[in-house]
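Below is one structure, written out as structure tokens; comments come after it.
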Amino acid sequence: MKIATFNVNGINGRLPVLLRWLAEAAPDIVCLQELKTPAAKFPAAALADAGYQAVCLGQPRWNGVAILSRAGTIHETQRGLPHDPDPTQSRYLEAAIGGVIIAALYLPNGNPRPGPRFDYKLTWFEALIARAQFLMNSDAPVVLAGDFNVMPTDRDVYKPERWIEDALFAPEVRAAFARLIAQGWTDALRHVHPDATLYTFWDYLRDAYARDAGLRIDHLLLSPALVARLSAAGVDRHVRGWDKASDHAPTWIVLDDA
DNA sequence: ATGGCGGCAATGTGCCGA
């Protein structure tokens with residue numbers, strides 16, 4: 001089973017790129033972020049034509065997450081993050097598919113730091129940690145997938161010294177990510193590629209992609225039972241080079257059958 | 001320090017992203 005996460009940065013403007021990548025990569029389950037569209041304008045028919053059923057949590061203009069599946073029926077288990085400090089922001093959707101719980105999340109950016117946006121990021125992170133503990137306690141196989149807006153370590157940033165004060169790399173944020181991991185989650189990409197330089201985002205500005213000035217902020221975290229089933233992981237970074245690309249690249253794992 | 005790019009809702013331009 002191939003499971004991917006992709007921040008599309010506008011699902012309607014990105015639809016040709018998304019469909020092209022779905023046809024090429026053939027993932028079974030996909031978590032999408034930054035739909036930037038209300039549910040009424042979610043392109044469900046085009047995705048169904050491509051073979052994917054979908055659940056979506058939309059919102060006009062900003063945020064928005066969805067889960068696509070061609071692997072089995074989507075049984076939604078949670079819509080919105082419990083205790084989200086601002087429930088008007090659509091950032092969390094969770095479903096059971098083929099015996100695995102899939103959580104699609106879009107953690108707040110948090111800039112500028114300090115400020116109310118950064119405070120919201122930290123509060124949202126705490127609510128995520130609480131939900132993740134609940135899922136961990138359930139002993140179900142779980143994948144937490146999405147745009148975490150956190151580079152976990154120095155090797156996940158092209159120039160770490162320039163990002164210390166940024167909300168994506170600040171000590172408090174990395175500490176929160178480390179506490180989440182300490183519940184027992186495995187960072188799948190890093191597990192498969194312990195020493196590789198892996199990025200999932202390149203800014204539109206300053207030729208970031210051409211310079212490979214990237215960040216690794218899109219992650220798939222596995223509950224303990226899934227680690228033994230993890231057989232491959234990667235970033236489809238070439239998709240970032242396509243015309244009308246998102247600033248993120250699709251990131252994926254393959255799990256062997258149970 | 002600033003602004004560069006890009007999507008969206010909207011037609012002016014501002015907000016947001018990371």
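Please determine, by comparing only the residues of the stretch A:143-160 that are out of contact with any helix residue (DSSP H, G or I) (no Cβ under 8 Å at 6 or more places or on another chain) and assigned to a strand (DSSP E or B), which one is surrounded by the fewest Cβ atoms within 10 Å (Cβ to Cβ). The residue in question is A:157.
From the list A:166, A:195, which one is closer than 25 Å to residue A:65 by Cβ, in a loop (DSSP other than H, G, I, E, B) and charged (D, E, K, R)?
Working: A:195 fails: closer than 25 Å to residue A:65 by Cβ.
Unique residue meeting the criteria: A:166.
Return the residue satisfying two criteria in turn: it lies in the stretch A:18-34 and is surrounded by 21 or more Cβ atoms within 10 Å (Cβ to Cβ) and more than 8 Å from DNA strand B (Cβ to nearest atom), and of such residues it is farthest from residue A:255 (Cα to Cα). It would help to see each step written out before you state the result.
Going residue by residue through the stretch A:18-34, those that are surrounded by 21 or more Cβ atoms within 10 Å (Cβ to Cβ) are A:18, A:21, A:27, A:29-34.
In the following step, the residues that additionally are more than 8 Å from DNA strand B (Cβ to nearest atom) were identified as A:18, A:21, A:27, A:29-32.
Details: A:18: 22, A:21: 20, A:27: 11, A:29: 11, A:30: 14, A:31: 16, A:32: 19 Å.
Residue satisfying both the conditions and the ranking: A:18.
A residue that is open to solvent by less than 20 Å² (accessible area, probe 1.4 Å), away from DNA strand B (no atom under 16 Å from the Cβ) and not aromatic (Phe, Trp, Tyr) occurs somewhere in the stretch A:131-141.
Taking the stretch A:93-132 as the range and being under 20 Å from residue A:217 (Cα atoms), of a type outside the set (Lys, Arg) and in contact with a Gly (Cβ under 6 Å, 6 or more places away or on another chain) as the test, the residues that pass are A:104, A:105, A:106, A:118. One residue stands out in the stretch A:184-203 among those that are closer than 19 Å to residue A:160 by Cα and aromatic (Phe, Trp, Tyr): the one that is least open to solvent (accessible area, probe 1.4 Å), namely A:202.
Results for (1) more than 18 Å from residue A:59 (Cα to Cα); (2) in a strand (DSSP E or B); (3) among the acidic types (Asp, Glu), shown as yes or no for each residue.
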residue	(1), (2), (3)
A:90	no, no, no
A:93	no, yes, no
A:119	yes, no, yes
A:131	yes, no, no
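Condition check: part of a helix (DSSP H, G or I) and open to solvent by less than 60 Å² (accessible area, probe 1.4 Å). Does residue A:105 satisfy that? Steps first, please.
Values: part of a helix (DSSP H, G or I): no; open to solvent by less than 60 Å² (accessible area, probe 1.4 Å): yes.
No: the conditions fail for residue A:105.
Taking every residue in the stretch A:98-119 that is modelled with pLDDT under 95 and basic (Lys, Arg) and pairing it with any residue that is within 14 Å of DNA strand B (Cβ to nearest atom) and open to solvent by 60 Å² or more (accessible area, probe 1.4 Å), at least 6 positions away or on another chain, the pairs with Cβ-Cβ distances below 8 Å are A:113/A:165; A:117/A:109. Take the stretch A:235-258 and flag every residue that is surrounded by fewer than 24 Cβ atoms within 10 Å (Cβ to Cβ) and within 12 Å of DNA strand B (Cβ to nearest atom). If the condition is that a residue be surrounded by fewer than 24 Cβ atoms within 10 Å (Cβ to Cβ) and within 12 Å of DNA strand B (Cβ to nearest atom), then A:240, A:241, A:242, A:243, A:244, A:245, A:247 are the ones that fit.
Can you tell me which residue is modelled with the lowest pLDDT among those in the stretch A:224-258 that are in contact with a Gly (Cβ under 7 Å, 6 or more places away or on another chain) and farther than 26 Å from residue A:204 by Cβ? Show your work before the answer.
First pass over the stretch A:224-258, keeping only residues in contact with a Gly (Cβ under 7 Å, 6 or more places away or on another chain): A:224, A:252, A:258.
With farther than 26 Å from residue A:204 by Cβ added as a condition, the list becomes A:224, A:258.
Working: A:224: 98, A:258: 85.
That would be A:258.
Hey, does the stretch A:108-115 have a residue that's open to solvent by 10 Å² or more (accessible area, probe 1.4 Å) and either away from DNA strand B (no atom under 16 Å from the Cβ) or closer than 30 Å to residue A:228 by Cα (or both)? Give the steps one after another, and end with the answer.
Filtering the stretch A:108-115 down to residues open to solvent by 10 Å² or more (accessible area, probe 1.4 Å) leaves A:109, A:111-115.
When the remaining residues are screened for being either away from DNA strand B (no atom under 16 Å from the Cβ) or closer than 30 Å to residue A:228 by Cα (or both), the result is none.
No: the stretch A:108-115 contains no residue that is open to solvent by 10 Å² or more (accessible area, probe 1.4 Å) and either away from DNA strand B (no atom under 16 Å from the Cβ) or closer than 30 Å to residue A:228 by Cα (or both).
Just one of the listed residues (A:213, A:145, A:232) is of a type in the set (A, V, I, L, M, F, W, C), more than 10 Å from DNA strand B (Cβ to nearest atom) and under 18 Å from residue A:32 (Cα atoms), and it is A:145.
Having 3 or more residues that are open to solvent by 50 Å² or more (accessible area, probe 1.4 Å) is the bar; report the strands (runs of 3 or more DSSP E) wholly within the stretch A:40-82 that clear it. Quick ask: steps written out before the conclusion?
Numbers: elements: A:53-57, A:65-69, A:75-79.
In the stretch A:40-82, the matching strands (runs of 3 or more DSSP E) lie at A:75-79.
Look through the stretch A:220-258, keep the residues that are in a loop (DSSP other than H, G, I, E, B) and among the basic types (Lys, Arg), and return whichever of them is farthest from residue A:184 (Cα to Cα). Walk me through it before giving the result.
From the stretch A:220-258, those in a loop (DSSP other than H, G, I, E, B) are A:223, A:228-229, A:236, A:242-247, A:249-250, A:256-258; that's our starting set.
Now drop any that are not among the basic types (Lys, Arg), which leaves A:229, A:244.
Details: A:229: 16, A:244: 38 Å.
Looking at the filtered set, the residue picked out is A:244.
The values are calculated or read from the model by the stated rules, or taken from the named source; none is laboratory data. Note that the structure is a prediction, hence the values are computed from the model and not measured. Neighbour counts are summed over all protein chains in view; Cβ atoms, including those assigned to glycine, are modelled from backbone coordinates with ideal geometry. Protein only, heavy atoms only, side chains kept; ligands, DNA and RNA dropped before computing areas. Shrake-Rupley method; radii C 1.70, N 1.55, O 1.52, S 1.80 Å.
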